[in-house]
Amino acid sequence: MRLLRMVIVLAALAAPSLALSAKEDQPQPPADFVPAENEPQEQIPAMPLLGAAYGFIWLGVFGYVWSVARRLRKVEAEIAALEARKR
Amino acid sequence: MIVLMALAGTMFAAAPFLIDAAPQEATMGLVYKIYFFHMPSAWMFLTAAVVAGVASFRLLFLKRPRADHWVMAAAELAVLFGACTLVTGPLWARKSWGVWWVWDARLTSSLMLFMIFVAYVLLRKYGGAGSDKLGAGLALFGMANVPFIYVSVNYWRTFHPPTSVVPKLPIEMGIPLWFCVAAFTLLFIILLRLRARLEHQRDRVEMLYLAEDEA
């Protein structure tokens with residue numbers, strides 16, 4: 001109990017200095033704005049993001065359809081085998 | 001079923017042409033076109049959660065054992081469409097908001113709903129006997145989350161567009177959107193029926209084994 005209290009007090013004392021050191025690690029905001037000499041290029045092109053989004057959906061849906069069809073075929077083959085054995 | 005599949009196939013083949021013909025958005029540019037698949041995916045995600053919740057209610061309180069097949073089917077679809085929503089959303093956000101993710105009410109609650117249904121699927125796979133009822137309870141909690149997700153953008157501060165964007169869409173953006181919503185709804189119905197059929201057939205296999213043991 002005494003040890004636990006000591007740990008809590010030490011953590012409380014260390015918290016502000018830890019928070020300050022974490023703040024120092026953060027990227028600093030720019031001190032001033034500099035006008036661009038040429039018109040800036042677009043930083044994040046849209047096309048790869050658009051392609052990735054549509055590609056993911058197509059892959060996900062086709063993958064799921066394939067998985068359900070495979071499982072269904074397996075179960076239906078098992079049913080056919082069991083019914084043939086029954087006869 | 002074959003007719004539905006052919007219709008869905010045709011609609012998904014036509015969708016890229018309609019999306020391509022839609023105009024670009026004034027501030028977001030080309031990337032907003034993710035919306036035409038993102039929004040229908042999100043709606044199917046919420047619909048799957050509601051279907052799973054209703055079927056769970058039937059299983060738990062009306063004692064309909066076959067309702068379990070529909071809970072299983074809808075839960076898997078919630079995972080599929082949830083993944084589609086949670087992947088396409090950040091891809092759109094990276095360009096529009098400058099970040100992949102923000103911990104606002106809409107995104108966080110959607111992630112929670114997705115995790116509830118991932119937990120459901122894992123529970124049914126590895127949970128053993130009794131996991132159907134435990135899972136149904138989980139799916140009911142998932143459904144309770146749906147209205148909160150839907151209205152969250154209207155009540156809490158967020159970058160996410162509010163629900164009022166949809167009815168106010170200009171016609172040239174509205175036509176491809178509603179076309180995609182129809183295609184996704186059709187796909188949802190087909191997948192739900194296929195997946196439920198798999199569970200019906202698994203039940204049949206068990207019955208056949210039981211009959212064989214008794215004979």
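The values are calculated or read from the model by the stated rules, or taken from the named source; none is laboratory data. Here the structure is a predicted model, which is why all the values come from computation and not from measurement. Cβ placement follows ideal geometry from the backbone for every residue including glycine, while neighbour counts extend to all protein chains displayed.
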For this session: Give the residue that is surrounded by the most Cβ atoms within 10 Å (Cβ to Cβ), with candidates limited to residues of the range A:41-87 that are modelled with pLDDT under 90 and farther than 19 Å from B:LEU30 by Cα.
Result: A:LEU82
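Of all the residues that make up the range B:3-24, how many are touching a residue at least 24 places away in the same chain (Cβ under 8 Å) and either outside any helix (DSSP H, G or I) or of a type in the set (Phe, Trp, Tyr) (or both)?
Step one: filter the range B:3-24 for residues touching a residue at least 24 places away in the same chain (Cβ under 8 Å), giving B:4-5, B:7-8, B:11-12, B:14-15, B:18-19, B:21-23.
Narrowing the set further to residues that are either outside any helix (DSSP H, G or I) or of a type in the set (Phe, Trp, Tyr) (or both) leaves B:12, B:22-23.
Total satisfying the criteria: 3.
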Problem set entry | Unmet requirement for B:LEU186, which otherwise passes all of (1) modelled with pLDDT under 90; (2) within 25 Å of B:ALA52 (Cβ to Cβ) | (1)
Problem set entry | Residues that are more than 7 Å from chain B (Cβ to nearest Cβ) and either under 12 Å from B:VAL205 (Cβ atoms) or among the hydroxyl-bearing types (Ser, Thr, Tyr) (or both), drawn from the range A:58-82 | A:SER67, A:LYS74, A:ALA77, A:ALA80, A:ALA81
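To keep it simple, each residue is scored yes or no on (1) assigned to a helix (DSSP H, G or I); (2) within 23 Å of B:LEU4 (Cβ to Cβ); (3) within 14 Å of another protein chain (Cβ to nearest Cβ).
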site	(1), (2), (3)
B:GLY128	no, no, no
B:ALA139	yes, no, no
B:TYR150	yes, no, no
B:PRO161	no, no, no
B:LYS168	no, no, no
B:ASP213	yes, no, yes
Exercise. Hey, does the range B:126-136 have a residue that's under 15 Å from B:ALA75 (Cα atoms), modelled with pLDDT of 90 or more and in contact with a Gly (Cβ under 8 Å, 6 or more places away or on another chain)?
Worked result: yes
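Can you tell me which residue in the range B:171-211 is farthest from B:TRP97 (Cα to Cα), limited to those that are among the charged types (D, E, K, R) and at the interface with chain A (Cβ under 9 Å from one of its Cβ atoms)? Step through it out loud before you land on a result.
Within the range B:171-211, the first condition is being among the charged types (D, E, K, R), and the residues that meet it are B:172, B:193, B:195, B:197, B:199, B:202-204, B:206.
Subset that is at the interface with chain A (Cβ under 9 Å from one of its Cβ atoms): B:195, B:197, B:202, B:204.
On the way: B:ARG195: 37, B:ARG197: 42, B:ARG202: 46, B:ARG204: 51 Å.
So the residue we want is B:ARG204.
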For this session: Name every residue in the range B:141-170 that is surrounded by fewer than 19 Cβ atoms within 10 Å (Cβ to Cβ), among the aliphatic types (A, V, I, L, M), modelled with pLDDT of 90 or more and more than 25 Å from B:TRP100 (Cβ to Cβ), in order of residue number.
Result: B:ALA144
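This table checks each residue for (1) in contact (Cβ under 8 Å) with a residue 24 or more places away in the chain; (2) under 18 Å from B:ILE34 (Cβ atoms).
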| position | (1), (2) |
| --- | --- |
| B:ARG124 | yes, no |
| B:GLY128 | no, no |
| B:GLY137 | yes, no |
| B:MET143 | yes, no |
| B:ASN154 | no, no |
| B:ARG157 | yes, no |
| B:ILE171 | no, no |
| B:LEU177 | yes, yes |
Exercise. Residue check, B:TYR120 against (1) within 14 Å of chain A (Cβ to nearest Cβ); (2) surrounded by 14 or more Cβ atoms within 10 Å (Cβ to Cβ); (3) of a type in the set (Phe, Trp, Tyr), all met but one. Which one?
Worked result: (1)
